[in-house]
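The values are calculated or read from the model by the stated rules, or taken from the named source; none is laboratory data. Remember, predicted model here, so these are calculated numbers, not experimental data. Note that we place each Cβ from the backbone using ideal geometry, even for glycine, and neighbour counts take in every protein chain shown. Accessible surface is based on the protein model in full, side chains and every heavy atom, while ligands, DNA and RNA are left aside. Shrake-Rupley method; radii C 1.70, N 1.55, O 1.52, S 1.80 Å.
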Amino acid sequence: MEKAVAGPDDLAPELYEYSEADLHPFLAYYSRNFFKAYCKTIRHNVSKKKEFAEWVHPDVIGVYYAVEEWKPSILDLSAASGNNTAVRLYSFEIKKSLSFANLREAFF
């Protein structure tokens, strides 16, 4: 008996009905607990930039303020040297599923 091998055009069967937007709260929870970042969903479907709209906006953005952990003397030194590393920005793109058929589009 010969085993069937999945090809690049085969899609996994969808077990649950949900949208990518339904995953945003889970990503925000993960980001808050592991990156200590505050997240915000970007609603690109209401954007006025229609040209390349799917490429312009990420699904979720996050910001981390290191000010909570740093001592005032370190913040003063950072500001005096012109190096503002007290903020980190994150950008997330959520995909429900990845396959060989949509891998290139999802990556870029």
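Of all residues in region 86-108, those that are without any contact (Cβ under 8 Å) to a residue 40 or more places away in the chain have Cβ atoms under 6 Å from Cβ atoms of residues that are open to solvent by less than 70 Å² (accessible area, probe 1.4 Å), 6 or more apart or on another chain, in ALA86/ALA66; LEU89/VAL63; SER91/PRO58; SER91/ILE61; GLU93/PRO58; GLU93/ASP59; LEU98/ALA106. The set of residues in region 22-34 that are over 12 Å from the mean Cα position of the chain (by Cα) and open to solvent by less than 100 Å² (accessible area, probe 1.4 Å) comprises ASP22, ARG32, ASN33. Taking the conditions (1) modelled with pLDDT of 70 or more; (2) of a type outside the set (Ser, Thr, Tyr); (3) open to solvent by 70 Å² or more (accessible area, probe 1.4 Å) in turn, VAL5 satisfies each one other than (1).
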